[in-house]
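First the structure, in the form of structure tokens, and then the observations on it.
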């Protein structure tokens, strides 16, 4: 097959070499974006008097027909034509004749592919932001049902202080809100048009880059043609934001995996988000959470991979940059799938409130309440900390808990203790009393949920 760029070549590569260099196996994902960019480009060419109205009409008609076929998944692609751009141009020329060859006037595949990826990421990021919102709604729903559900809070994976389960879930709500903010901020860089930058130096034709930017819904254009075709910062920024978000999902995955074990027994995942064992009939495995935890690594890999590809490249375009797409496509697929799975898992999981509550009755997570009690009565906190530490040690040696000690033993440790200490030791009261802004107190969590609901309405 004759190459569209083959005028100065006298030999062609063997098939396996062509296969190695071609990108059509994956960049066909950009077919609709490529057609969208071409439609804007051809309208601009006619507006600026570069092609005739008749040629414009023929090209527009042909591109719209190709779009219809693409939407129906009826297009087939040729390896010999390397990429989505040459495949579509060839199909267009076959469909409408020589006028199809005028479409590429005043542009290069370098700015063409760049605009395709800007259009693609804009659409996908907007969809991802919507999916984050659905996940946040699932977290809110569970939080509203579990404001007074008491569970152990952990540091170092050791029981630390009792908290509201809703408070724990809301921590992830606000992590996801920052993820949305990062992606929304990144859209400002995504929504710039490189179209018309040509191969690297612009063009001698009297084009109107601002016109095509407006047609495509961009906020503006790249101010430098070299930067326009060589920039992949917007993809790296997306991969970075996605990596941070996947880290958040992986942390929650780890907790849900732990909580669903027999040792914890805090939650049970719906059967639709778990699997069994081929040999052990009793097993119910949290496979979806494990997969999300595992897939986090491939998103990290895509980010590091693209950074590595770009780190030594001179301006402007280099064939290395063909490696910018597969990681981007894979990350979009991974992130969207993970968010959908998580929204389903959270919405359908059963919360074992009794198991959570029992977990804080037989531990020392209320020890800080004793120290705060003494400090509130004037004892320096460091002294109070030591008094309570000795009481904890005594309980460990006697195989009992703080609430099991008689009032006399409390008073022997400090005369400041009064019988009301047993109310202070109650996990429910310990949580209820933590009313500092952003704390786990029930009133604060209720206010936090109301603020979160308002936040979702505003976005």
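Checked against the criterion of being modelled with pLDDT of 95 or more and closer than 29 Å to residue 255 by Cα, the candidates 450, 403 yield just one match: 450. When restricted to residues that are within 22 Å of residue 120 (Cβ to Cβ), in a loop (DSSP other than H, G, I, E, B) and without any contact (Cβ under 8 Å) to a residue 40 or more places away in the chain, the stretch 51-90 contains 4. Filtered by the rule that a residue be assigned to a helix (DSSP H, G or I), in contact (Cβ under 8 Å) with a residue 60 or more places away in the chain, within 20 Å of the chain's Cα centre (by Cα) and farther than 18 Å from residue 333 by Cβ, the stretch 225-235 gives a lone residue, 234. Scanning the stretch 149-169 for any residue that is in contact with a strand residue (DSSP E or B) (Cβ under 7 Å, 6 or more places away or on another chain), part of a loop (DSSP other than H, G, I, E, B) and either outside the structural domain of residue 29 (by TED's automatic domain parsing) or more than 27 Å from residue 239 (Cβ to Cβ) (or both) turns up at least one such residue. Here is a check on your reading of the model: is residue 279 farther than 18 Å from residue 346 by Cβ, assigned by TED's automatic domain parsing to the domain that holds residue 196 and not in a helix (DSSP H, G or I)? Criteria met by residue 279.
Only one of the listed residues (371, 403, 384, 355) is part of a helix (DSSP H, G or I), out of contact with any helix residue (DSSP H, G or I) (no Cβ under 8 Å at 6 or more places or on another chain) and surrounded by 14 or more Cβ atoms within 10 Å (Cβ to Cβ). That residue is 355.
For (1) in contact with a strand residue (DSSP E or B) (Cβ under 9 Å, 6 or more places away or on another chain); (2) surrounded by fewer than 20 Cβ atoms within 10 Å (Cβ to Cβ); (3) part of a strand (DSSP E or B), each residue gets a yes or a no:
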| position | (1), (2), (3) |
| --- | --- |
| 179 | no, no, no |
| 186 | no, no, no |
| 195 | yes, no, no |
| 205 | no, yes, no |
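Each residue in the stretch 282-299 was checked for being surrounded by 19 or more Cβ atoms within 10 Å (Cβ to Cβ) and assigned to a helix (DSSP H, G or I), and 7 of them qualify.
From the list 91, 95, which one is crowded, with 20+ Cβ neighbours inside 10 Å, over 24 Å from residue 220 (Cβ atoms) and not assigned by TED's automatic domain parsing to the domain that holds residue 351?
Going through 91, 95 in turn, just one is crowded, with 20+ Cβ neighbours inside 10 Å, over 24 Å from residue 220 (Cβ atoms) and not assigned by TED's automatic domain parsing to the domain that holds residue 351: 91.
With the condition kept exactly as written, say whether any residue in the stretch 46-60 is at pLDDT below 95, out of contact with any strand residue (DSSP E or B) (no Cβ under 8 Å at 6 or more places or on another chain) and surrounded by fewer than 14 Cβ atoms within 10 Å (Cβ to Cβ). No; the residues of the stretch 46-60 include none that is at pLDDT below 95, out of contact with any strand residue (DSSP E or B) (no Cβ under 8 Å at 6 or more places or on another chain) and surrounded by fewer than 14 Cβ atoms within 10 Å (Cβ to Cβ). Could you check, for the stretch 262-270, whether at least one of its residues is in the same structural domain as residue 180 (by TED's automatic domain parsing), touching a helix residue (DSSP H, G or I) at 6+ places or on another chain (Cβ under 8 Å), under 29 Å from residue 351 (Cβ atoms) and outside any loop (DSSP other than H, G, I, E, B)? Yes, the stretch 262-270 contains a residue that is in the same structural domain as residue 180 (by TED's automatic domain parsing), touching a helix residue (DSSP H, G or I) at 6+ places or on another chain (Cβ under 8 Å), under 29 Å from residue 351 (Cβ atoms) and outside any loop (DSSP other than H, G, I, E, B).
Of all the criteria given as (1) surrounded by fewer than 16 Cβ atoms within 10 Å (Cβ to Cβ); (2) under 21 Å from residue 354 (Cα atoms); (3) in contact with a helix residue (DSSP H, G or I) (Cβ under 8 Å, 6 or more places away or on another chain), the one not satisfied by residue 163 is (1). Of the residues screened, residue 313 is one that is touching a residue at least 12 places away in the same chain (Cβ under 8 Å), in contact with a helix residue (DSSP H, G or I) (Cβ under 7 Å, 6 or more places away or on another chain) and not in a helix (DSSP H, G or I). Looking at the structure I just gave you, is residue 311 buried (at least 16 other Cβ atoms within 10 Å of the Cβ), modelled with pLDDT of 95 or more and in the same structural domain as residue 120 (by TED's automatic domain parsing)? For residue 311, the condition - buried (at least 16 other Cβ atoms within 10 Å of the Cβ), modelled with pLDDT of 95 or more and in the same structural domain as residue 120 (by TED's automatic domain parsing) - is not met. Criterion first (surrounded by fewer than 22 Cβ atoms within 10 Å (Cβ to Cβ) and closer than 18 Å to residue 36 by Cβ) does residue 107 satisfy it? For residue 107, the condition - surrounded by fewer than 22 Cβ atoms within 10 Å (Cβ to Cβ) and closer than 18 Å to residue 36 by Cβ - is not met.
Taken together, 43, 66, 39, 32 contain a single residue that is closer than 23 Å to residue 110 by Cα, more than 33 Å from the chain's Cα centre (by Cα) and at pLDDT 95 or above, which is 43.
Residues in the stretch 410-438 that are surrounded by 15 or more Cβ atoms within 10 Å (Cβ to Cβ) and over 18 Å from residue 360 (Cα atoms): 410, 413, 414, 416, 417. Could you please find all residues in the stretch 374-393 being over 19 Å from residue 419 (Cα atoms) and under 44 Å from the mean Cα position of the chain (by Cα)? Residues satisfying the conditions are 381, 382, 385, 389.
The values are calculated or read from the model by the stated rules, or taken from the named source; none is laboratory data. These figures come from a predicted structure and were not determined experimentally. Heads up, the Cβs are rebuilt from the backbone with ideal geometry, glycines too, and the neighbour counts pull from every protein chain shown.
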